[in-house]
Amino acid sequence: MQFPSPLAMILSALLSTLLSWGLPLPSASAESAIATFAGGCFWCMEQPFDQLTGVISTTAGYTGGQVENPSYSAVSSGRTGHVEAVQVRYEPAQIGYELLLEVFWHNVDPLDEQGQFCDRGSQYRSVVFTQDEQQRALAEASKQAVAEQLDSPVETKILPAVSFYAAEAYHQNYYQTHPVRYKLYRFACGRDQRLAALWGTAHAESPPS
């Protein structure tokens, strides 16, 4: 029998508190919603969300900067203000934003302000981009929960969502189109080693139970 993770239980309690402040639960509807997360190399951030029931699609791209329609090389230079990110389209009737947040945290190092894993620079920093006040409140609550769980300051920023630019086709679903290169990169970057040290087995590339 699988039990909820400590972070899931904390998020549930915080969600109840937020709702008591007057924030409504997402209404069940056929409409999709958007969540945007930056967690370092976007190659590694699509798979954890793609395998969740209720997620319609993920798109690797760039956001947070000043340059319109940036290229990968421009963003990689660190001079555009953009970060590598993933845009997650999901069905709120099937999956809640709080679960997306939990998956996000378990796939990043929230204590690193200089980048993520082997990728250094502002273009690889971790950020939660929120679409509305409800997402912002849930993101702030989850950030507090993570800080308490890890007993350390969380460097991940929570910012309002701005224009998102899809990355070049070569980068989309890279873990599927270039599985060998993806696995070699992920291992060499030390991503899973650091995630295991932070989260134990809870991070994995599979959704939490």
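Just so it is clear, none of the values below were taken in a lab; they were calculated from the coordinates. Quick caveat, the model's predicted, so the values are computed rather than measured. Note that we place each Cβ from the backbone using ideal geometry, even for glycine, and neighbour counts take in every protein chain shown.
Specify the residue that is surrounded by the fewest Cβ atoms within 10 Å (Cβ to Cβ); the eligible residues are those in segment 122-156 that are under 16 Å from VAL103 (Cα atoms) and of a type in the set (D, E, K, R). Step by step, filter segment 122-156, then rank; the result is GLU140. Within segment 87-111, the residues that satisfy the criterion of being closer than 18 Å to LYS157 by Cα and of a type in the set (D, E, K, R) are GLU98, GLU102, ASP109. For segment 47-87, name all the residues that are touching a residue at least 60 places away in the same chain (Cβ under 8 Å), among the hydrophobic types (A, V, I, L, M, F, W, C) and either surrounded by fewer than 16 Cβ atoms within 10 Å (Cβ to Cβ) or not in a loop (DSSP other than H, G, I, E, B) (or both). Scanning segment 47-87 gives ALA60, ALA85.
Criterion applied to VAL180, VAL162, VAL154, VAL146 was being of a type in the set (Val, Ile, Thr) and without any contact (Cβ under 8 Å) to a residue 12 or more places away in the chain, and the one residue passing it is VAL180. Filtering segment 73-115 to residues that are of a type in the set (D, E, K, R) and more than 14 Å from THR58 (Cβ to Cβ) leaves ARG79, GLU98, GLU102, ASP109, ASP112, GLU113.
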